[in-house]
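The numbers here are math on the coordinates, done by the rules we state, and not lab data. Keep in mind the model is a prediction, meaning the values are calculated, not measured. Virtual Cβ from ideal backbone geometry, glycine too; neighbours counted across all protein chains shown.
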Amino acid sequence: MKNLILVGYMGSGKTAVSRILKERLNMELLDSDSLIEERVSMKISDIFNKQGENEFRRMETCLLEDLQDKSEAFILSTGGGMPLIEENRCLMKMLGTVIYLRAKPETIYARIKNDNTRPLLQTPDKMKKIEEMLERRKSFYEAVARHVIDTDGKDLEQVADEILELISEL
Ligand code: S3P
């Protein structure tokens, strides 16, 4: 089994779906945000506040480089901005099968409206911010992904089932 990499906007269900996939496929699960937090012993929000977004993106690139050497297959749940950098898109494609969990702004808003852990969404008009960022980002998600799964109106199990079906055909 090749590595599986889930990408998508914040709140698209990457973390939750990858947990289901881990159980079903009995594969190791890696979460890029958690790995970075461990590496630097800082919360994502502190990295953004103290070192800035560019430095965080650099850490994401370093992590992807290091993962290239890993021999056992894994599922990687990525931070929503990882595919914005061309080098990251390249590294992700080299790592394995990239799947984009696509969601409409309304779906995302419903999921993350009360979240206060994501530095990029700490703004009064969250819906507007989500719409703008998604518009800017969607081409990057599509460019890196081998498969796109629409998640609107589906529960997490359904999304995981679709992924399992897709990879069984590979
Ligand atoms: C980010 C998404 C977050 C985290 C950071 C930046 C982004 O991960 O990496 O807050 O730029 O979309 P999640 O997608 O897991 O929330």
Could you tell me how many of the residues in the range 38-59 are more than 9 Å from the ligand (Cβ to nearest atom) and either in contact (Cβ under 8 Å) with a residue 60 or more places away in the chain or not in a helix (DSSP H, G or I) (or both)?
5
Being touching a Lys or Arg at 6+ places or on another chain (Cβ under 8 Å), loosely packed, with under 14 Cβ neighbours inside 10 Å and of a type in the set (D, E, K, R), is that true of even one residue in the range 19-28?
yes
Tell me, please, whether a residue that is of a type outside the set (A, V, I, L, M, F, W, C) and more than 16 Å from the chain's Cα centre (by Cα) can be found in the range 142-153.
yes
Test: residue in the range 2-9 that is part of a loop (DSSP other than H, G, I, E, B), within 12 Å of the ligand (Cβ to nearest atom), within 29 Å of GLU165 (Cα to Cα) and not hydrophobic (A, V, I, L, M, F, W, C):
yes
Which one is farthest from MET127 (Cα to Cα) among residues in the range 10-37 that are charged (D, E, K, R), in contact with a strand residue (DSSP E or B) (Cβ under 6 Å, 6 or more places away or on another chain) and assigned to a helix (DSSP H, G or I)?
LYS22
Residues of the range 60-74 being more than 14 Å from the ligand (Cβ to nearest atom) and in contact with an Asp or Glu (Cβ under 7 Å, 6 or more places away or on another chain), in sequence order, are GLU72, PHE74
For the range 77-87, state whether one or more residues are of a type in the set (D, E, K, R) and farther than 20 Å from ALA160 by Cα.
yes
Looking at the range 90-147 only, could you name the residues that are assigned to a helix (DSSP H, G or I), in contact with a Pro (Cβ under 9 Å, 6 or more places away or on another chain), farther than 23 Å from LYS43 by Cβ and hydrophobic (A, V, I, L, M, F, W, C)?
MET92, MET127, LEU134, PHE140, ALA143, VAL144
Looking at LYS113, LYS93, which is the one that is farther than 29 Å from LEU164 by Cα, among the basic types (Lys, Arg) and either touching a Phe, Trp or Tyr at 6+ places or on another chain (Cβ under 7 Å) or more than 13 Å from the ligand (Cβ to nearest atom) (or both)?
LYS113
For the range 129-139, does any single residue satisfy the condition of being within 12 Å of the ligand (Cβ to nearest atom) and farther than 18 Å from LYS14 by Cβ?
yes
Exactly one of (1) of a type outside the set (Gly, Ala, Ser); (2) within 13 Å of GLY13 (Cβ to Cβ); (3) assigned to a helix (DSSP H, G or I) is unmet by ASP152. Its number?
(3)
